[in-house]
Amino acid sequence: MHTAEVDSPEVLKQNQILDLQKDASEIVRVSDDEGKTPQELKNEVDHTLKKNNQVLLATMEKVLGKGVEVLILKNGENVMGIIYQTGNRYNVKTPQGNLQFADFQVSGLRF
């Protein structure tokens, strides 16, 4: 009798994260043949991306079992994602991909 191999939870999580990243990086197709102005098109794309990003972050929380946090950088930028600190480095998983920051770049965290 042959049994099917089942991926480990870590492999499943990584595959789900990769799928989420693919979804997040898809191009939002907006047709301009409806007579919309460039600003209206930009607003529509921005709204769709923001909504999709929120859904992807919520899904990442479930998959990774860790809440979304905000990494506050010294340059004033805020990076939202699942944050892991390893030594003097911060690794941030976002729907757009993984980002890394050195300790000296970070001014704080917001939960």
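Restricted to strands (runs of 3 or more DSSP E) entirely inside segment 44-111, those with at least 3 residues that are among the polar types (S, T, N, Q) are 78-86.
When we screen 39, 96, 54 for residues that are touching a helix residue (DSSP H, G or I) at 6+ places or on another chain (Cβ under 7 Å) and at pLDDT below 90, the only hit is 96. Would you call residue 93 charged (D, E, K, R) and touching a residue at least 40 places away in the same chain (Cβ under 8 Å)? Yes: the conditions hold for residue 93.
In segment 39-59, the residues that are of a type in the set (A, V, I, L, M) form Cβ pairs under 8 Å with partners that are modelled with pLDDT under 80, at six or more places apart or across chains, as follows: 41/30; 41/32; 45/28; 45/30; 49/28; 56/20; 56/23; 56/24.
The values are calculated or read from the model by the stated rules, or taken from the named source; none is laboratory data. These numbers come from a predicted model, not from an experiment. Every residue, glycine among them, receives a Cβ derived from its backbone with ideal geometry; neighbour counts consider all protein chains shown.
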